[in-house]
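Right, one structure below, let's go through it.
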Amino acid sequence: MKEQIYQLFETSSGGVSPEDIALRVLVAAVLGLVIFASYWLSHAGTIYSQKFNINLITLTVLTGTVMTVIGNNIALSLGMVGALSIVRFRTAIKDARDTTYIFWAIICGICCGVGQFMAAAIGSAVVFVILLILGRVRNDTRTLLVVRAARAQELAIEGLIFEYFRGRAVQRVKNTTEGSVEMMYELTRGMLNKSQKGSDKPITDELYALGGVEYVNIVAQSDEIGS
């Protein structure tokens, strides 16, 4: 029993040749470049991070290298888990899709490290197509309409905004003083563009035409950090 346990934890790389190691690392690098291209294409025009994209390649190669060393060795795998458990990654993820790319890079590295090239290639091809088709889907940017005017124009402004956006603009904030009022409405960019196409004047001109309006601000919001 003791000998079996010793053999189970015995350090053995499985007799992987240098050529085999080079092949696994090379395939991991190629798949890392595929991930690089997918990230670059799906993030075009948004919060593209070149440093993060380059790190995806190195992450794939490093994972493949580690898996080549570990092989079927349980002792090394437990040691790797223990080492990684003390690492704390505090880098903010700018886009939810970035998590997908991180897992994609790790999984490709694992497949290449154990020599499962076909699984890595087929999986990467399917994910590449999915992200290429659906990766350009964007959330409709939230837009805030902020109006500050004389208190006497409060009802007129609310009525105009209700009519202009057909009741779809949601009032989020209303701050009032004795002589002034400030209101904040939440809408989407698509809603704003559609309403302006269906009207002779933009909402800003309509509001200023009422008189007593100090300013009108239209602010685009995004949940993505750094965008």
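The numbers here are math on the coordinates, done by the rules we state, and not lab data. Source: prediction; values computed, not measured. Methodologically, a virtual Cβ is constructed for each residue, glycine included, from the backbone with ideal geometry; neighbour enumeration extends over all protein chains shown.
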Which distance in nm do the two modelled labels at ALA96 and GLU163 give, with both placed 7 Å along the Cα-to-Cβ direction? 3.9
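Need the full-extension length gain, GLU19 to SER49, defined as separation in residues times 0.36 nm minus the C-alpha distance. One decimal, nm.
Once the chain is fully extended between GLU19 and SER49, it gains 7.4 nm.
How high is the FRET efficiency between VAL126 and VAL69 when r is their beta carbon distance and R₀ equals 25 Å, given to the nearest 0.05? The partial results should precede the final answer.
Numbers: r = 28 Å, r/R0 = 1.13.
Rounded to the nearest 0.05, the efficiency is 0.35.
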Each residue of the range 96-111 in turn: what ³J(HN,Hα) in whole Hz from Karplus with 6.51, -1.76, 1.60 and θ = phi - 60°, glycine and Pro shown as x? 4, 5, 4, 4, 4, 5, 5, 5, 4, 5, 5, 5, 4, x, 5, 4
Send over the semi-axes of the range 142-221's equivalent ellipsoid, whole angstrom and largest first, taken as the square roots of 5 times the C-alpha gyration tensor eigenvalues. 20, 14, 10
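By how many nm would the segment from LEU134 to VAL146 grow when fully extended, if each residue of separation counts as 0.36 nm and the alpha-carbon distance is taken off?
1.0 nm
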Compute the signed sum of charges (Lys and Arg +1, Asp and Glu -1) over the other residues within less than 15 Å, Cβ to Cβ, of GLY32. +2
Within a 10 angstrom radius of the beta carbon, how do ASP205, ASP200, ASP98 rank from fewest other beta carbons to most? ASP200, ASP205, ASP98
Arrange the following residues from fewest to most other Cβ atoms within 10 Å of their Cβ: TRP40, TRP104. TRP40, TRP104
Percent relative contact order for the range 154-204, counting Cα pairs under 8 Å at least six residues apart, stands at 30
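Starting with the fewest neighbours, write out TYR215, TYR208, TYR185 ranked by other beta-carbon atoms found within 10 Å of each beta-carbon.
Details: TYR215 12, TYR208 16, TYR185 23.
So the ranking, lowest neighbour count to highest, is TYR215, TYR208, TYR185.
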